[in-house]
Amino acid sequence: MIRPDFVLVILLYWMLRNPNLCNVGTAWMMGLLVDLASGSLFGQYALTYALTGFFALHYQRRLVLFNEGQRAFYVLLLLLLAQVTLLVLKLFSGSGLPGWGYFLPSLSGVLLWQLIALLPLAGVAPDVQR
Amino acid sequence: MEHNQPPAFFVRGPSPLARLAFFAAVSITLMAVDARLHYLTEIRQGFMAALQPLEVIVTGPVAAYQRVRDYFVTQDSLAEANRRIHLQLLQKNADLQRFHTLEQENAHLRNLLGAAQVSVHATKLGEIVHAGRDLFTHKVVVNVGARHGVTAGRAVIDEYGVVGQVTRVYPFSSEVTLATDKDLAIPVQVERTGMRAIAFGHGRGNVVDLPYLPVSTDIQQGDILVTSGFDGVYPAGLAVAKVNLVERRADSPFAHIVCTPVAGISSHRQVLIVEVSAAPPSAINIKQPPAPATPSHHAPSKP
């Protein structure tokens, strides 16, 4: 299973691009929908996405100064954080340990990010109203 | 006037940390409520019904692609498939004739013994819509649900054997837990020896475990595990898995047995949802339990 977490990658894009439009609450709502669709315990993906969203927004201002590689690395860290959070939550609710292949979606997620990064991200400041 | 509120750029509402704390608390509450109290089943069903149109739209292109691909199959492959199915039908028909006589004989014997009839009632053909997104569980979603008469707990089979069990039912779809899922246990019987055991999903890979069998158990590679039918969920005699590896180690009182499920979940999309119901034992005289001893003159006296 190397399917990337499409929802999270798209969410990260919007959070890094326009944090006024898409914040921790949006991430949480999307996570709740994913919980519903995947039939997992209510709140698992929601908490994971909210936490990841928090760290994404925390460094969002500085991200404009990063170059492409650094930004991709940062996204990789965020995706790994999401997977580790989910792993911890799943272990608490009684799942077994998956193999190392569990972390492959993070890598494929970064590849997906490379595609998405072709869209404008840097330099797009949210509209400043005077 | 223009200074009475900061520009929109700085308006970020509550700080992200405050939001995170709030949403984390809500999430943890939800998790606890869902895991322990099961209050959210109806909410989940409602949401799934609401998401149904979205799901149809999203899976639409894939379904259209499959329809187009099915349309453009060559005549050669159709003829080949037709020939194969015809051959299978002949063989199955021969088996079926024997089956009918055996079934009659079985019913007769059961009548003589007064044993309860276990009959397969309704079967329903479903199609796998998508596999679960969750890496920790082995689940698929099937396109028939409560509106089609599916209830939770039914067995799901395909032409080779047991696929799994319906665990959640939504209005238009239902969730099937596969035999390889860690939480699914199936009562089985080794076909060769008749020994009973319980098969558990391994949870990782396409593997079913057969734990808690002593080292001395008569089981070998290539044995077929079939359902024993004791649970009243699975019809008896369906193939579940094939023993792949038997490891007897000196340091463990149990044999390490690894099996592979026989159902072809990954290769095709149609599954059959069956309901097994035990007919009420009408012909049997069940002994009435002795009435509770009451201090009355009807109380049985010892001779």
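Where a number appears in this text, it was derived from the coordinates with a stated rule and is not lab data. Predicted, not measured: the structure shown is a model, and the values here were computed from it. Neighbour counts are summed over all protein chains in view; Cβ atoms, including those assigned to glycine, are modelled from backbone coordinates with ideal geometry.
Details
- Remark: the stretch A:68-81, residue by residue, has Karplus-estimated 3J(HN,Hα) of 4, x, 4, 5, 4, 5, 5, 5, 4, 4, 5, 5, 5, 4 Hz, where x stands for each Gly or Pro and the curve is 6.51 cos²θ - 1.76 cosθ + 1.60 at θ = phi - 60°.
- Order of B:F72, B:F23, B:F47, A:F92 under a 10 Å beta carbon neighbour criterion, fewest first: B:F72, A:F92, B:F47, B:F23
- When the Cα positions of B:S77, B:V207, B:I219 are compared along the charge dipole of the protein assembly as shown, B:V207 comes out farthest toward the positive end, with charges on each C-beta of Lys, Arg, Asp and Glu.
- Based on Cα atoms of the stretch A:21-61, Rg over Rh with Rh as the Kirkwood radius reads 1.04.
- Only Lys, Arg (+1) and Asp, Glu (-1) charged, at Cβ; the stretch B:116-278 dipole about Cα centre in debye: 260 debye
- Size descriptors for the stretch B:117-259 (Cα atoms only): Rg and Dmax, in that order, 15.9, 54 Å.
- Principal semi-axes in Å for the protein assembly as shown [√(5λ), Cα gyration tensor, largest first]: 51, 29, 23
- If R0 equals 41 Å, the separation of the Cβ atoms of A:N20 and A:L97 corresponds to a calculated FRET efficiency of about 0.55.
- Between 0 and 90°, nearest 10: helix A:44-58 axis offset from chain A longest Cα axis: 30 degrees
- Partner shielding of A:24-35 amounts to 4, given as the average count of beta-carbon atoms from other chains within 10 Å of each residue beta-carbon.
- Ranking B:V140, B:T123, B:G229 by how far each Cα lies toward the positive end of the dipole of the protein assembly as shown (charges on Cβ) leaves B:V140 at the top.
- Fewest-first ordering of B:V169, B:V56, A:V24 by other beta carbons within 10 Å of each residue's beta carbon gives B:V56, B:V169, A:V24.
- Nearest-20 debye value, the protein assembly as shown charge dipole, Cβ charges on Lys, Arg, Asp, Glu: 540 debye
- Sorting A:S40, A:S95, B:S216, B:S174 from the fewest to the most surrounding beta carbons within 10 angstrom yields B:S216, A:S95, A:S40, B:S174.
- Normalised by the number of residues in the stretch B:116-278, the mean separation of alpha-carbon contacts (under 8 Å, six or more apart) gives a relative contact order of 27 percent.
- The convex hull of the Cα atoms of the stretch B:20-132, projected and averaged over all directions, covers 14.4 nm².
- Per-residue packing, averaged as other Cβ atoms within 10 Å, sorts the ranges B:59-66, A:4-11 into the order A:4-11, B:59-66, beginning with the highest.
- Cα-only radius of gyration and Dmax that characterise the stretch A:6-116, units Å: 13.7, 42
- Alpha-carbon centroids, the stretch B:187-255 and the stretch B:70-110: separation in whole Å: 28 Å
- Across peptide A:90-100, the mean count of Cβ atoms from other chains lying within 10 Å of each residue's own Cβ comes to 3.
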